[in-house]
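Here is the structure we will look at.
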Amino acid sequence: MRNLNEGVIAAPPCEIGLVAVATDHAVEAELRRFLRAERVAVYVTRVRLPDRYDLASLRATADELAAAAALLVPGSPLDVLAYGCTSATVAIGEDEVFARLRRDRAAVPCTTPITAALAAFARLGAARVALLTPYPRAVHEAIASFLSGRGIAVTDQAYLGIDSDAAISRVTAAQLCEAVRRLDLASADAVFVSCTSLRTAALIDALETETGRPVIASNQALAWHCLQLAGRGGVMSAGGRLLRG
């Protein structure tokens, strides 16, 4: 009698645990566009967030982070834990997000889209950034202030004023590209398009060609940084200049 499982079952080379917000329509599909499915497994759970969000509701997602992270394939060490919300991370604070994600997995590296974006800027040598967000003004200003506080000069900025996560996911490629075109990039080293609910994976290469600048988007940066933390560079299927840098 033979064991048919011998030599057949193997663990994925990289396992990413993602905590997303309940209202995000794009982050899972976007990450899987950036990552090679045969070499990366993404496990996802969610925390509550009303579709019409503000800084207070984004901050409140902290209350569920630890419990949500504990639901991600219990017993698996995971290679990386990520909180997939740029604006909520800024509202809560990076250190608080990491502390809650690590409650039950103290040794696992953690990241967020804004953490990943900062790492991407450093990788590309980008100290001056033109910022585009879909958020209402107060949330946008929190992102801009966070970047400035971390030594990133925001050379130009614009926001779409959308306070519904579902509506953000319906921003079209044409609308997003036009918004980037309107940014003044004369003194910018890179463009940062913030928000995991925006669908950017298919646009980055074309925008980089058009603008002549690296384009960093929340989901792209998050996918790239997860692999960097896991020591698994080189398994992205897309990524713009960040991947090639």
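The values are calculated or read from the model by the stated rules, or taken from the named source; none is laboratory data. Since the model is a prediction, treat every value here as computed from it, not as a measurement. Don't worry about glycine lacking a Cβ; one is built from the backbone with ideal geometry, like all the others, and counts go over all protein chains shown.
Can you tell me which residue is modelled with the highest pLDDT among those in region 26-49 that are surrounded by fewer than 18 Cβ atoms within 10 Å (Cβ to Cβ) and in a loop (DSSP other than H, G, I, E, B)?
So the residue we want is R48.
Could you tell me whether any residue of region 177-187 is among the charged types (D, E, K, R), buried (at least 17 other Cβ atoms within 10 Å of the Cβ) and in contact (Cβ under 8 Å) with a residue 12 or more places away in the chain? Step through it out loud before you land on a result.
The first filter runs over region 177-187 and keeps only residues among the charged types (D, E, K, R), leaving 178, 181-182, 184.
Keeping just the survivors that are buried (at least 17 other Cβ atoms within 10 Å of the Cβ) gives none.
No; the residues of region 177-187 include none that is among the charged types (D, E, K, R), buried (at least 17 other Cβ atoms within 10 Å of the Cβ) and in contact (Cβ under 8 Å) with a residue 12 or more places away in the chain.
Only residues that are in contact (Cβ under 8 Å) with a residue 12 or more places away in the chain and farther than 16 Å from E15 by Cα: list them for region 91-111, please.
Hits for region 91-111 are A91, I92, E94, E96, V97, F98, R100, R103, D104.
Of all residues in region 59-103, which are crowded, with 21+ Cβ neighbours inside 10 Å and among the β-branched types (V, I, T)?
T61, V80, T86, T89, V90, I92, V97
Identify, from the list A186, A158, A167, the residue that is among the aliphatic types (A, V, I, L, M), in the same structural domain as I204 (by TED's automatic domain parsing) and in contact with a Lys or Arg (Cβ under 7 Å, 6 or more places away or on another chain). Break it down stepwise before answering.
On the way: A186 fails: in contact with a Lys or Arg (Cβ under 7 Å, 6 or more places away or on another chain); A167 fails: in contact with a Lys or Arg (Cβ under 7 Å, 6 or more places away or on another chain).
Unique residue meeting the criteria: A158.
Assuming R105 fulfils every condition listed in (1) assigned to a helix (DSSP H, G or I); (2) over 13 Å from R150 (Cβ atoms) apart from one, which condition is it?
Failed condition: (1).
(1) in a helix (DSSP H, G or I); (2) touching a Ser or Thr at 6+ places or on another chain (Cβ under 7 Å); (3) not acidic (D, E): which one isn't true of T209, the others all being true?
The one condition T209 does not meet is (2).
What residue, among those in region 199-244 that are of a type in the set (G, A, S) and more than 17 Å from the chain's Cα centre (by Cα), is nearest to D24 (Cα to Cα)? Give the derivation first.
The first filter runs over region 199-244 and keeps only residues of a type in the set (G, A, S), leaving 201-202, 206, 212, 217-218, 221, 223, 230-231, 233-234, 237-240.
Imposing the further condition that a residue be more than 17 Å from the chain's Cα centre (by Cα) reduces the set to 206, 212, 231, 234.
On the way: A206: 24, G212: 30, G231: 27, G234: 27 Å.
So the residue we want is A206.
Run down A122, A144 and say which single residue is in a helix (DSSP H, G or I), within 18 Å of the chain's Cα centre (by Cα) and surrounded by fewer than 13 Cβ atoms within 10 Å (Cβ to Cβ).
Working: A144 fails: surrounded by fewer than 13 Cβ atoms within 10 Å (Cβ to Cβ).
Within the list A122, A144, the selection yields A122.
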